[in-house]
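A short write-up of the structure that comes next.
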Amino acid sequence: MPHPADSADPDSAVDLSALLRDAAQTLAAAGVADPQVDAELLAGHVLGVGRGQVQAASVRGDHVAAADRAAFEALVARRASREPLQHLTGLAPFRHLELHVGPGVFVPRPETEVLAQLAIDALRQVASEAPVAVDLGSGSGAIALAMATEVPYARVHAAELSAEAIAWTRRNVDAFAPEVTLVQADLADAFPELDGVVDVVASNPPYVPDDAIPRDPEVRLYDPPRALYGGADGLDAIRVLSRTGLRLARPGGFLAIEHGEWQGEAVRAILTADGWRAAATHPDLTLRDRVTTAIRP
């Protein structure tokens, strides 16, 4: 917690509200989207408290010890260089989870919660005491772990190819749902033992076209390229997912794929051409097309 100022040594502690104000100004000047939020989260990380407690301490006029000030200002400088906030704190919120993340793994985004919700809803509707779900290209494990923790009677499997990313997947699986089956495998040929029996297949694949370089430095410089780029039109992995989903899913099985906001029509066309039924595109919370679902015939 923030420490009261030491009246005998006024230089030993500094005002938290002033620190936050200066940090927010620094981050705003660097182009950070939510400078006040990031400043408060970084302060909470240093002080070992939640953001709400930081806000309350700031209002009270609490002071921060010199060592904590130095640690905070070092993190603010790194964030001002556009290093992702989640890399600095080591955590990324996703639904009710706080996932461990860092270099080498794609940081989960709020829009992917829509994909997770669709997959969870589909799992809950399966007339089975132990429905089977697969998350292909699992990354941090966000989708698999959302399914496993919110539908605890489901049998959830996750596949991730990258050696760097799967270290994070494993850490999160161990922390939140050790019963999840995790394998290092390409999404094209993962889980042959589950062919024809999977109830829900979900994936957030790479879907950025190769020449559409993201503007945000946090994405462009820190997210793994193999988690971002999906070929000339961004749809290469989705074409593979369509075929893999047909192999894995049982008749009536559910497929959910995240994609870019302009790709819904193209994704529906791919799935329909491959034989999927009832392809439909769903918006995220900003009303941008984000997830396409379909049913295996």
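The values are calculated or read from the model by the stated rules, or taken from the named source; none is laboratory data. Bear in mind that the values here come from a model prediction, so they are computed numbers and not experimental data. Using ideal geometry, Cβ is built from the backbone for each residue, glycine included, and neighbour counts are taken over all protein chains shown.
Okay, residues lined up against (1) over 17 Å from the mean Cα position of the chain (by Cα); (2) surrounded by fewer than 24 Cβ atoms within 10 Å (Cβ to Cβ):
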site: LEU91; (1), (2): no, yes
site: PRO110; (1), (2): no, yes
site: LEU115; (1), (2): no, no
site: ARG124; (1), (2): yes, yes
site: ALA144; (1), (2): no, no
site: ARG155; (1), (2): yes, yes
site: THR169; (1), (2): no, no
site: VAL183; (1), (2): yes, yes
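Please determine, by comparing only the residues of segment 188-205 that are under 20 Å from ILE238 (Cβ atoms) and surrounded by 23 or more Cβ atoms within 10 Å (Cβ to Cβ), which one is nearest to the chain's Cα centre (by Cα).
ASN204
Please find, among GLU129, GLU150, GLU73, the residue that is in contact (Cβ under 8 Å) with a residue 12 or more places away in the chain and within 22 Å of GLY31 (Cα to Cα).
Every option except GLU73 fails the conditions.
With respect to GLY231, determine if the residue is touching an Asp or Glu at 6+ places or on another chain (Cβ under 9 Å) and crowded, with 16+ Cβ neighbours inside 10 Å.
For GLY231, the condition - touching an Asp or Glu at 6+ places or on another chain (Cβ under 9 Å) and crowded, with 16+ Cβ neighbours inside 10 Å - is not met.
Out of the strands (runs of 3 or more DSSP E) lying entirely within segment 201-297, which hold 3 or more residues that are under 30 Å from PRO103 (Cβ atoms)?
Those strands (runs of 3 or more DSSP E) span 249-258.
Specify the residue that is farthest from GLY102 (Cα to Cα); the eligible residues are those in segment 69-88 that are surrounded by 21 or more Cβ atoms within 10 Å (Cβ to Cβ) and either modelled with pLDDT under 95 or not hydrophobic (A, V, I, L, M, F, W, C) (or both).
So the residue we want is ARG79.
Quick one: count up the residues across segment 162-182 that are in a helix (DSSP H, G or I) and of a type in the set (Gly, Ala, Ser).
4
Can you give me the number of residues within segment 240-267 that are surrounded by 20 or more Cβ atoms within 10 Å (Cβ to Cβ) and free of Cβ contacts under 8 Å to residues at least 40 places away in the same chain?
3
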